[in-house]
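Trainee: Quick one: the structure is below, questions incoming.
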Amino acid sequence: MANRSSTRMPKTEKASNGGRLVIDHDECAGCGACPAVCHSLALRLDALTLEIEYELCDNCSLCVIVCPTGALSVVEKHTCVRAG
């Protein structure tokens, strides 16, 4: 089994159609629940790291709803602060 801690990245965010999809890679379990429900095919799990094609994301929030660890969230642009 791969060591998830070595493949995790810090929180990242990206503008997406008027909002921001925020991913907390420290919380992501790599379970694949979010890509399974993504009808726009914007989410992909690669080596236990979630990857997003932001230009495809329509902010439907299905990924946020099914995430068992709360690693994903969509927030309005003006309320989001870059983690660092």
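The values are calculated or read from the model by the stated rules, or taken from the named source; none is laboratory data. All figures in this text were calculated on a predicted structure; none of them were measured in a lab. A quick note on method: Cβ atoms are made from the backbone with ideal geometry, for glycine too, and the neighbour counts reach across all protein chains shown.
Trainee: Kindly provide the set of residues from the range 46-55 that are touching a strand residue (DSSP E or B) at 6+ places or on another chain (Cβ under 9 Å) and farther than 10 Å from Ile23 by Cβ, ordered by number.
Mentor: Within the range 46-55, Glu53, Tyr54, Glu55 meet the criteria.
Trainee: Another question, if that's okay. From (1) modelled with pLDDT under 50; (2) surrounded by 12 or more Cβ atoms within 10 Å (Cβ to Cβ), pick out the condition that doesn't hold for Gly19.
Mentor: It fails just one condition, (1).
Trainee: Out of everything in the range 67-79 that is outside any strand (DSSP E or B) and surrounded by fewer than 16 Cβ atoms within 10 Å (Cβ to Cβ), what residue ends up being modelled with the lowest pLDDT?
Mentor: Thr79
Each row is one residue, and each column tells you yes or no for (1) of a type outside the set (S, T, N, Q); (2) modelled with pLDDT under 80; (3) surrounded by fewer than 13 Cβ atoms within 10 Å (Cβ to Cβ); (4) part of a loop (DSSP other than H, G, I, E, B).
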residue: Lys14; (1), (2), (3), (4): yes, yes, no, no
residue: Tyr54; (1), (2), (3), (4): yes, no, no, yes
residue: Cys57; (1), (2), (3), (4): yes, no, no, yes
residue: Val81; (1), (2), (3), (4): yes, yes, yes, yes
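Trainee: Can you run down the residue pairs with Cβ atoms below 7 Å, 6 or more apart or on separate chains, where the first is in the range 63-84 and over 13 Å from Leu21 (Cβ atoms) and the partner is modelled with pLDDT under 90 and surrounded by fewer than 11 Cβ atoms within 10 Å (Cβ to Cβ)?
Mentor: Listed by first residue and then by second, the contacts come to Ala83/Pro10.
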